[in-house]
Each structure stands twice: as structure tokens, then as C-alpha cells.
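Peer 1: Sending over a structure as C-alpha cells; questions will come in a sec.
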Amino acid sequence: MFFKGKNFSAKLPLALLFTGAFSGKLTAGETPLLGKALTVNEIKSISTTVFPDGKGLPHGSGTAADGEKIYAQQCAACHAQDGSGGVGPKLVSKPEKGPYWSTGGAWPYATSIFDYVRRAMPPANVKQLSSDEVYALTAYLLYLNGLVEHNQVLNNETLALIKMPARDYVSSKWQKEEKALFKKELKKR
């Protein structure tokens with residue numbers, strides 16, 4: 001039987017939930033009062049995808065000069081002041097100094113760095129950075145890796161134009177799908 005055994009009291013609330021909320025006694029338009037409807041702005045804040053070609057990047061801009069200050073406040077405690085790593089992974093490496101696995105060397109698209117920082121950093125304050133702050137931090141990380149100039153402006157038009165070193169040796173599903181679509185279009189002509 002369902003309620004046999006020593007866990008009877010733990011199973012009772014679960015059974016009541018199913019018999020009450022899912023018994024079919026709700027009328028059209030009613031809900032079991034779980035949560036609340038999201039606003040358009042709330043949906044936009046969680047429904048964000050940035051593609052390698054820059055589609056999905058928000059408006060805003062930043063430079064490495066701007067990002068340096070933000071990095072010192074938001075990132076250095078985990079990644080070290082120079083990006084050499086600590087509690088968090090290494091963000092900077094030079095190709096001539098061995099394995100090139102860092103933010104600048106392992107990511108095939110600069111847009112992916114922006115997307116990751118915006119979604120997941122800093123861990124104690126996720127998704128609280130403005131688009132301008134994320135552009136500035138991305139610029140600073142790219143600057144530390146020697147990929148952009150200190151005062152180069154990154155925005156939704158310029159970020160995707162940065163050629164990352166890893167783009168030559170990392171193949172992505174996105175690239176394969178883009179090539180397949182291109183070949184399909186050529187065949188149609």
C-alpha cells in the first residue's frame with residue numbers, strides 16, 4: 001500500500017498535493033498558484049543568447065580602460081590582479097609560454113566571452129552587471145591577452161569582428177551548421 005512503512009508522515013503532504021492540485025477540480029484559467037507570471041522585461045533578462053556572429057548582443061559599449069577598474073572590483077579576488085588565476089581559472093596567457101588555455105586562447109569567439117561574463121560572473125553577483133560593464137570587462141580581458149588596444153571601443157557591431165586565436169583550431173557546431181546552410185544555398189542556385 002502507498003502509505004505503509006515508517007515514511008508515512010513524509011508521504012502524506014505529497015499525496016495531499018497530488019489529490020488537491022491535480023484532481024481536475026481546477027477550472028479553466030485557474031492555476032495551482034505556483035509562482036507568478038513573468039513580465040516582458042523579466043523574460044528578456046533571462047532569455048538571452050549571443051551567437052558567434054554577434055546576433056543577440058545588446059546595445060552598449062566599453063573599453064579596456066573602463067574594464068580595468070571594474071575588473072579590480074569584481075574579478076581580481078578570484079582571478080588575480082593580472083588574470084593569472086587563483087581561486088578562479090587563469091584568464092591570461094601568452095602563446096610563447098606554453099599551453100595557451102586561458103580566456104584569450106581557448107575561446108573561439110569574443111562574443112562567447114561576453115555571453116559567459118554576462119550570464120555567470122561574478123558568481124556572487126550574477127547578472128547584475130550592465131551591458132556597458134560587460135563590454136568593458138570583455139575588452140579588458142581581450143586587452144590583457146593582447147587582442148585589442150587599451151582604448152578600442154567594443155560594442156554590438158565591433159565585438160564579433162575580433163579574430164580569436166582559437167578560431168583556427170576549434171570547430172563548433174555553429175560553424176558546421178553555417179557551412180551546411182551555405183552549401184545548401186549554393187546548390188539551390
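What follows is calculated from the coordinates using simple rules that are stated; it is not laboratory data. Bear in mind that the values here come from a model prediction, so they are computed numbers and not experimental data.
Peer 1: Residue by residue through region 120-125, what is 3J(HN,Hα) from phi via Karplus (6.51 cos²θ - 1.76 cosθ + 1.60, θ = phi - 60°)? Round to whole Hz and write x for glycine and proline.
Peer 2: 10, 10, x, x, 7, 8
Peer 1: Here is a follow-up. Across region 151-160, in residue order, what do the Karplus-derived ³J(HN,Hα) couplings come to in whole Hz, using 6.51 cos²θ - 1.76 cosθ + 1.60 with θ = phi - 60° and x for Gly and Pro?
Peer 2: Result, ordered by residue: 10, 5, 7, 9, 8, 5, 9, 9, 4, 5 Hz.
Peer 1: Check which residues have an amide H placed less than 5 Å from residue 61's amide H, if you skip close sequence neighbours.
Peer 2: Under 5 Å from the amide H of residue 61 lie the amide H atoms of 132, each far enough along the sequence or on another chain.
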